[in-house]
Amino acid sequence: MGANLAKQFLIEPRGIVMKKTTFLLLAFLFFGCDESDTNFSLENGNYGGIFTIIESNGQPQSGNVIFNFSDNSYSVVPEQLYLPPTGAGNFSLNGNSIMLTDTAIHTTNFDATLILNGSFELSNNGDELVLKQNDTIHNRKRIISLTKQN
């Protein structure tokens, strides 16, 4: 009787584990993806909006900005000097993120960590395109809200 009981415990848990694993896998496949996993396409043109940086002390600074996206390149021109710095470079889209790589030549009379580089979360809220970056190295956040210009 002890051997049968041992066999039952050795066999049944595997069956239960397989059923649970299969269920979790199917649940992930059906419910694991949502609209935030959408691949974005970015229409060429000028986009105007607001750039906001929130420093580690919680104080936000904002300014108007114009972005131009053309094929896989971009340029950015702020209304207020260095908010963000003027820049240009390449970008690539991957799922719901955009990678900005600034290739412009910059002067050294400002904080170079303000240059827009790296990965930004990308979302589309109606006509508004929003880029967000959580800069953990410098303990600050950047939010860029843009609308395509006609």
Inset, instruction - Go through segment 138-150 residue by residue and tally those that are in contact (Cβ under 8 Å) with a residue 12 or more places away in the chain, out of contact with any helix residue (DSSP H, G or I) (no Cβ under 6 Å at 6 or more places or on another chain) and part of a loop (DSSP other than H, G, I, E, B). - result: 2
Inset, instruction - Could you check, for segment 19-40, whether at least one of its residues is in contact with a Leu (Cβ under 8 Å, 6 or more places away or on another chain) and either modelled with pLDDT of 90 or more or in a strand (DSSP E or B) (or both)? - result: no
Inset, instruction - For segment 96-127, name all the residues that are modelled with pLDDT under 90 and of a type in the set (Asp, Glu). - result: Asp111, Asp127
Legend entry - Residues being free of Cβ contacts under 8 Å to residues at least 60 places away in the same chain, exposed (fewer than 15 other Cβ atoms within 10 Å of the Cβ) and within 19 Å of the chain's Cα centre (by Cα) - total across segment 38-70: 3
Legend entry - Tally, over segment 84-110, of residues that are touching a residue at least 12 places away in the same chain (Cβ under 8 Å), among the polar types (S, T, N, Q) and not in a strand (DSSP E or B): 3
Inset, instruction - Please identify the pairs in which a residue from segment 111-125 that is part of a strand (DSSP E or B) has its Cβ atom under 8 Å from the Cβ atom of a residue that is of a type in the set (Phe, Trp, Tyr), counting only partners at least 6 apart or on another chain. - result: Leu122/Phe40; Asn124/Phe40
Inset, instruction - Pull up segment 71-123, narrow it to residues that are within 18 Å of Asp135 (Cα to Cα) and polar (S, T, N, Q), then point me to the one that is nearest to the chain's Cα centre (by Cα). - result: Ser97
Legend entry - Filtered residues of segment 130-139 (kept if modelled with pLDDT under 95 and either more than 12 Å from the chain's Cα centre (by Cα) or closer than 17 Å to Ser73 by Cβ (or both)): Thr136, Ile137, His138, Asn139
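The values are calculated or read from the model by the stated rules, or taken from the named source; none is laboratory data. Small disclaimer: the values here were computed from a predicted structure and weren't measured. In this analysis, Cβ positions are derived from the backbone assuming ideal geometry, glycine residues included, and neighbour counts consider all displayed protein chains.
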